1. Inside the range 9-50, can you point out the residues that are polar (S, T, N, Q) and part of a helix (DSSP H, G or I)?
2. Name every residue in the range 207-246 that is within 26 Å of G146 (Cα to Cα) and basic (K, R), in order of residue number.
3. Residue check, M143 against (1) within 26 Å of M111 (Cα to Cα); (2) part of a helix (DSSP H, G or I), all met but one. Which one?
4. Give just the number: which of (1) closer than 30 Å to L21 by Cβ; (2) among the β-branched types (V, I, T); (3) touching a helix residue (DSSP H, G or I) at 6+ places or on another chain (Cβ under 6 Å) does V181 not satisfy?
5. I'm told L90 meets every condition in (1) at pLDDT 95 or above; (2) in contact with a Phe, Trp or Tyr (Cβ under 8 Å, 6 or more places away or on another chain) except one. Can you identify the failing condition by its number?
6. Could we say that R20 is within 30 Å of L131 (Cα to Cα), not small (G, A, S) and not assigned by TED's automatic domain parsing to the domain that holds T201 here?
7. Under the condition of being out of contact with any strand residue (DSSP E or B) (no Cβ under 8 Å at 6 or more places or on another chain) and crowded, with 18+ Cβ neighbours inside 10 Å, which residue from the range 218-236 is nearest to E173 (Cα to Cα)?
8. Any idea how many residues of the range 79-96 are closer than 11 Å to R125 by Cα and of a type in the set (V, I, T)?
Amino acid sequence: MDFSAECAPCLLRRILFQTRLVDPSREEEVISSCLRLVAEEWRPGVNSAALATKVHRLCYDLLDVDDPYAALKEESNRVAFSLLPRAEELVDSSNDRLKAACLVAIAGNVMDFGIGGYEHPEELRDLFDELVAEEPEPNDMEMLRGSLKNAKEVLYLFDNCGEIVLDLPLLRELKAMGLRVTGVVKGEPIISDATWEDLRTSGVDKLLDERLTTGVFAVGLDLGRAPDDLKAAFTRADLVIAKGMANFEALSGTDVRPIAHLLRSKCQPVARAIGAKKDRNVIRVFERGA
């Protein structure tokens, strides 16, 4: 997805949010430096995830911090674990377990801070049942079901901390279908995304046949810098399931197909690019040739 005029204030708002997590006294220095970088690097056709990666790298370097979201990520996992029994109840009571598990996984995508008005993991408590009850729009559930029926191996791209806990019901459904599942987390801490440690903390590692990382500091996934084992996993997979907006931004302009995007459309540029309204549950499948 291309970086647009609407992406610029959103990205800088995130930079301001994470700077205030570390050292509010430096917000003018950090924002001015990141604003200059956006101006230097923004050109027609530049990928939004790629430019965001450069800006976040600069911000982290200026603040001399490895993980400004560390405390929020721990809290996100704690809140998600407290919601997991309710999530499992909703899946168990549904006459369509797979769809319910997808909606639980999408609801977890709200745990993404500094954009869209979300500031704290606790906000999900009051929203959770409402989010899971909301019909996806667009809704490619039947295409997803058909792709899974014909698949043997799925590559699952995780997104945020907390959210990864709420991926558990969907992963259990995939395993119950007899699928081999490879899970991918970030190679280094970046924004609120899950890393290697979160696989163990969440218990997701026990449901995966193979565990990989993106290998580098990157918003979403940078295929050009991906490790060889991850590139091989993309080649083997019959279906890629990509969680969250950043994975859509990074992969929407590639030939990775078939791919199923599960996310909340939290900003207008992503909503427009994926064919959704803003603030909707989205199940969007792109098949080969699409």
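1. Q18, T19, S25, S32, S33, S48
2. Hits for the range 207-246 are R211, K231, R236, K243.
3. (1)
4. Here V181 meets the rest and fails (1).
5. Every condition holds for L90 apart from (2).
6. yes
7. Going through the qualifying residues, I end up with G220.
8. So the answer is 1.
The values are calculated or read from the model by the stated rules, or taken from the named source; none is laboratory data. None of the values given here were measured: they were computed from a predicted structure. As a convention, Cβ positions derive from the backbone with ideal geometry for all residues, glycine included, and neighbour counts pool all protein chains shown.
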